[in-house]
Structures are given as structure tokens and as C-alpha cells.
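Take a look at the structure below.
Laboratory data are not the source of any read-out in this text; all were calculated from the coordinates shown. From a predicted model like this one, the values you see are computed outputs, not experimental measurements. A quick note on method: Cβ atoms are made from the backbone with ideal geometry, for glycine too, and the neighbour counts reach across all protein chains shown.
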Amino acid sequence: MSHSSGGFWGVEWRKVNWISQNSDWMGIILAAVTIVVWAFIIGWHVLWKKQTPSTTTEPSLSQSASTSEALTPLVDPLPELTASTFSVDLNPTTQRNVLLLHVQNGATSPLATVRNVVADIGYKREDGHALWVDFGAWMERGTITNIERDQTKNLVVALTDNGKHYAATWTGPRANFIDPELAPIGELTPGRWVMSVTINAENYEGIFRFLLTIRRNAEIKCTAVQKSPW
């Protein structure tokens with residue numbers, strides 16, 4: 001009886017003793033198992049997120065282009081003015097000949113109209129004598145005009161009277177809008193003059209320069225130049 005009892009307790013005591021002796025190894029094994037389990041859970045979660053389709057869609061190239069176009073403000077195309085040719089015509093108001101500079105808008109878009117065009121004309125003789133015309137006269141009867149696409153307007157740059165040439169402009173529009181009069185301002189005497197035509201508008205600004213050679217027989221030769229020789 002005592003033997004059996006001693007054997008039983010001996011077995012139990014050896015178990016307890018083995019556990020106590022190997023408690024350190026048991027802790028290490030338990031920690032390792034815990035790390036493996038957590039690593040498996042985290043890895044499975046990451047893999048699941050990669051396989052799940054994203055609900056955010058990237059915009060297509062066509063969508064991006066449409067958005068860009070919608071945000072780009074519309075700007076009227078710029079006019080393209082040229083002024084290089086002249087002609088002599090009879091002014092019906094004064095019944096006198098005038099020298100005309102043809103100002104053309106060569107733009108192709110119908111939106112490229114030059115609005116509220118004003119031309120100022122400066123004349124400078126070779127010896128330094130100068131004349132100035134504010135609000136040059138357009139043959140179309142006015143000092144302010146519009147020039148549409150492919151349209152040409154005619155600027156009066158000289159008025160001829162009794163074999164002499166004069167700088168001139170309308171004098172009537174400020175006092176009499178019904179019957180304006182083209183009146184001389186100063187004589188363009190024989191010699192060489194530089195004529196500078198400054199055109200200002202709402203959507204345009206430019207300067208055109210010409211060398212005028214006026215002979216004693218009233219003949220005028222007009223040549224475009226890049227800058228004034230004096």
C-alpha cells in the first residue's frame with residue numbers, strides 16, 4: 001500500500017519536476033508559436049487586401065483632355081494688320097484728291113475684328129521739322145473705325161490741293177457728326193519725310209513707318225521702312 005502510494009506520488013512529482021525544469025523552454029516555444037500565428041494572420045490580411053479590387057478609378061486620357069479643355073478659357077484670336085500699299089482717290093466730301101494708306105486685317109477667324117481703331121500720324125522732315133495728326137481721318141468718314149476679317153480700311157495720310165500736299169484730318173465729327181469736313185493741318189513741303197502711323201485699338205497696337213519723298217511737281221513716292229533714318 002505504501003509502495004503503491006509512493007509510486008503514484010513519485011510519478012506525479014517527476015512530472016511536476018520536469019515541467020518546472022523546462023519552463024524556460026516552454027516559454028520560448030509558446031512565444032515562437034505566437035509569432036508564427038500572428039505572422040500568418042498579418043500575411044493573409046495583406047494578401048487579401050491586394051486581391052480586393054479598388055473602388056477608385058483613374059480618369060481616362062479622354063476624360064483628362066475634356067477636363068483640361070473645359071478649364072482653358074476661350075480667347076479671341078488676334079488680328080493681323082498690314083499696311084504697305086497706297087492709292088490716290090477723290091474724296092467726295094471735299095472734291096479733292098487724297099493719298100490713302102490701305103490698312104488690311106488678314107486674320108482668318110471671324111472673331112479677329114479690330115475694334116475701335118484710332119490712327120495717329122506723325123510726319124518728320126529730314127531737317128527736323130515735324131507735324132502731328134491726332135485721330136487720323138479714315139476715308140470711310142470717321143476717326144474711329146472697326147476692321148473685320150479680310151476687310152481693308154483706307155487712312156487719309158495726305159490731302160492734295162492746288163499741287164500741294166497737306167496733313168489732314170476730319171474737323172467735323174467733334175462739332176458736326178452729320179457733315180464732317182476734311183481739313184488740312186500743315187503742309188508737307190517738297191523733300192524727304194518719315195511718316196509714322198500708330199494704330200491703337202482694343203485688341204491691337206502697332207506702328208507702321210514710311211519714307212515719303214515729295215517732289216516739286218507734287219509727285220509722292222512712299223517706301224516702307226523698319227525705323228526712322230533720322
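Could you put T85, T169 in order, starting from the residue whose Cβ has the fewest other Cβ atoms within 10 Å?
T85, T169
I'd like the Karplus ³J(HN,Hα) series for the range 95-109: coefficients 6.51, -1.76, 1.60, θ = phi - 60°, whole numbers in Hz, and an x wherever there's a Gly or Pro.
6, 10, 6, 10, 8, 10, 9, 8, 10, 10, 9, x, 5, 8, 7
Can you give me the long-range amide H partners of A158? Hydrogens built in the peptide plane at 1.01 Å from N, cutoff under 5 Å, separation of 5 or more residues or another chain.
L99
Multiply the residue separation of S109 and A224 by 0.36 nm, subtract the distance between their alpha-carbon atoms, and state the gained length in nm to one decimal.
38.7 nm
Rank the residues H102, H165, H129 as a footprinting-exposure proxy: fewest other Cβ atoms within 10 Å of their Cβ go first.
By the 10 Å Cβ count, ascending, the order reads H129, H102, H165.
Calculate one ³J(HN,Hα) per residue across the range 200-214 by plugging θ = phi - 60° into the Karplus curve 6.51 cos²θ - 1.76 cosθ + 1.60, and present them in order as whole Hz with x for glycine and proline.
Running phi through 6.51 cos²θ - 1.76 cosθ + 1.60 with θ = phi - 60° gives 10, 8, 4, 10, 7, 8, x, 10, 10, 10, 9, 9, 9, 10, 9 Hz.
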